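The values are calculated or read from the model by the stated rules, or taken from the named source; none is laboratory data. Values in this document were obtained by computation on a predicted structure and should not be read as measured data. When we count neighbours, we look across all protein chains shown, and the Cβ atoms used for this are built from the backbone with ideal geometry, even at glycine.
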Amino acid sequence: MSELKRCPHCKQSDMLEIIHEDGYSLYYVLCGVCGISWATGYTKEQAIEIWNTRPIEDALEAECERLRGLLADAFDAVTTMDNRKLMMLRWNLRDMEASDEAEALALRTASRHTGE
Ligand SMILES: [Zn+2]
């Protein structure tokens, strides 16, 4: 059913159903793959709207898309570098790793002194 977003739990979209049981005035969405059901509404349209409204998921997907763009830019920058710049980048990364190790050692030492 294309009007429903994929299941937030199992990410499938083929087995989603809008259920309306006789004798009840509510509609809900059920995933036939993982069994999750929610998005209860008094109309079919309301249940669909609730199922499809996911502000946290939308924000996370936007952030992932932004980070994919940054990664692609960084990849392009690295693949077009000449050997001298690549060598400098390796040295900088080595320094960063050494500084991370020093910071971790300082934290471990400090926690031993404070007993945390
Ligand atoms: Zn599911």
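Numerical summary
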{"item": "Asp82 vs. criteria at pLDDT below 95, surrounded by 10 or more Cβ atoms within 10 Å (Cβ to Cβ) and either away from the ligand (no atom under 16 Å from the Cβ) or on the phi < 0 side of the Ramachandran plot (or both)", "result": "no"}
{"item": "Residue ID - nearest to Glu3 (Cα to Cα), chosen from residues in region 22-79 that are within 16 Å of the ligand (Cβ to nearest atom) and part of a strand (DSSP E or B)", "result": "Val29"}
{"item": "Filter pass, Lys11 being within 23 Å of the chain's Cα centre (by Cα) and among the charged types (D, E, K, R)", "result": "yes"}
{"item": "Meets criteria (touching a residue at least 12 places away in the same chain (Cβ under 8 Å) and charged (D, E, K, R)) for Glu97", "result": "no"}
{"item": "Any hit, region 6-16, residues being among the aliphatic types (A, V, I, L, M), within 14 Å of the ligand (Cβ to nearest atom) and surrounded by 13 or more Cβ atoms within 10 Å (Cβ to Cβ)", "result": "yes"}
{"item": "Candidates Ser25, Ser99, Ser111 - the one that is out of contact with any Ser or Thr (no Cβ under 6 Å at 6 or more places or on another chain), hydroxyl-bearing (Ser, Thr, Tyr) and at pLDDT 90 or above", "result": "Ser25"}
